[in-house]
Each structure stands twice: as C-alpha cells, then as structure tokens.
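What follows is one structure encoded as structure tokens, with my remarks underneath.
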Amino acid sequence: MFQSKAKIISNKHIKDKYFVCVVKAAEIAKTASPGQFIEVKVDSSFDPLLRRPLGVHGVYGENIEIMYEAIGPATKILSQRKNGEYLDIIGPLGNGFDYEPQVASRKPQVLIAGGMGVAPLFFLAGRLTDKITRDSGSKILVLIGARTKKQILCEKEFKELDCDVKIATDDGSRGFRGRVTDLLKDLLRTRGQDPGVKVFACGPRPMLKEISRVSKENRIPAQISLEEHMSCGIGACMGCVVQTRNGYKRVCKEGPVFEARDIVWD
C-alpha cells in the first residue's frame, strides 16, 4: 500500500454522469491487480472528510485509470478537477481477482458487469485477453447490463480488446431484453457449460446474488466483486462487513472480491 500525490493527466467526461480520470502514480500502478481499488481524497479541504473508494479501471505504464459516476458531493468535486492538479491517493487496496489459474487453463472466461461494474472488469479483461486470447485464440465473453442503451458503458473498449461482447438492457432498447443475469441463464440454456470456464462479476448486490445462485446451480465457479459502502478503506472501522460461511469479512480488506459460494446472502 502506497500513499501518493498523483498528478492528474486527464479527467474526461465520457457520457451522462460518467467520467474517466488518469493519474500518474508509479508505485501503485506497478503493484495494482484487477479488482483492487484506491482511496481518493478529492481535494485538500475537510469537506468531504472521507476519501472515496474507486476501482482501478486500467494501468498504463506509470499511470492508473479510474472510472467514476459523479453522483455525490465528492465525485462531483472530482469531476471538476483539472489536468496538472494533484490528488492524494492511497492504494492499491483490497484483494483482487484470482485469475492466474484461468490464464493457465487457456479457457475462455465470462465477465459479467452491471452498471459501474465494468470498471474493475475492464482491467481484468485486459490481463486475461493479453494471455488467453494471444496464446489460445479463445475470446473472453463479456456480458454488460444496463437499464437503457444510454447507460451502457465500455462496450467499444471491451471490443477493442477482442472480447465477445453481449448487451442486456432492462427496457430492451439494446441487445437482450431483460437483466444481464437473464442473459446469462439464456446463454447457459442455449450454449451449455464449457468445462473450465469461470465467471467474474461486479455490479449491484441483487445481480451478484442471482449470479451466485445461477453459478452454484450450474456448478460454475464464480468470483464476485462486492460494491459496499466504505469509510476507512483499510479494514480499521469495520463498516463494510459482509457475512460469509467463515464469519464476517471486511469488503475493503478481505474483499472486495470473494468466491460467490462463500457469501451468505440475506
């Protein structure tokens, strides 16, 4: 874990309330793994007091990329920060995806993103496609879910990684009509299960709960990245605990990535 005064390289508005920020933070970039996050102090004042946890969206040399939605006071402040300014960040934090066994198997994997869940999964897709697609020619399957076509994120970027991308929208304005979990179940019915495939998912809690159920029912291993409210981000405040089969675990410390089978859902 490092604390860094990270220079803002770019802070671009991409659509609606969504932004992508690139900062120079060499030590964090060198050690970050897909699924991990950083804690960002959006400015030098005490309002807002707490840092904001943001998933690592990508790593490019000494730079790290974060995607965020400007919906609260802190992220709205962040959206107004300019190129050349500095952010105080801490990271990388948490435990990320365990994807090396999947690289070794050279099997195509399934990534399922709901809303802002695309952020850590894009980083993961880059690592997987760099090795699996290059070595075996197998494409990573990416399922992206959104309420409407206007809220679809990173479709183009995943395709540029040579992923096989499928879209699900709740209102049917683009792709499969229904939830992304319904799309997953539809694909399992029509394609069957490919031995060696694993699911990696990030998104809203109801989505992850259903993915956990479907993966268990079909005997498919699944790793899920939980999106919980965090205060300290380093495991001290115990404010982000979830119940697992082995007791309560901190999302910011033991997570945010867990094996789906280990989570005890409400």
Beyond 32 Å (Cα-Cα) in this structure, taken from K24/K216; K24/K159; K5/K150; K7/K216; K82/K139; K15/K41, we find K24/K216; K5/K150; K7/K216; K82/K139
Within region 100-262, the percent of DSSP beta bridges that are antiparallel, given to the nearest 5, stands at 25 percent
Expressed to two decimals, region 217-258 has a Cα Rg over Rh, using the Kirkwood radius, of 1.05
Answer in debye to the nearest 20: the dipole magnitude of region 113-266 about its Cα centre, from +1 Lys/Arg and -1 Asp/Glu charges placed on Cβ, is 220 debye
Placing +1 on each Lys and Arg Cβ and -1 on each Asp and Glu Cβ in the chain, then taking the dipole about the Cα centre, the residue among G235, L184, S138 whose Cα reaches farthest towards the positive end is L184
Gyration tensor (Cα only) of the chain to equivalent ellipsoid, semi-axes in Å sorted down, yields 29, 20, 19
Toy charge model, Lys and Arg Cβ at +1, Asp and Glu Cβ at -1: the chain dipole around Cα centroid in debye, rounded to 20, equals 400 debye
Convex hull around the C-alpha positions of region 2-93: the volume in Å³ per residue is 84 Å³
Percent relative contact order for the chain, counting Cα pairs under 8 Å at least six residues apart, stands at 17 percent
Protection proxy (average C-beta count within 10 Å per residue), highest first, orders 113-123, 170-180 as 113-123, 170-180
Among L54, G35, I8, the residue whose Cα sits farthest towards the positive end of the charge dipole of region 2-93, when +1 is placed on the Cβ of each Lys and Arg and -1 on the Cβ of each Asp and Glu, is I8
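Read the figures in this text as sums done on the coordinates, not as results from a lab. Keep in mind that what you see is a predicted model, and the values were worked out from it rather than measured. Neighbour counts run over all protein chains shown; Cβ positions are idealised from the backbone, glycine included.
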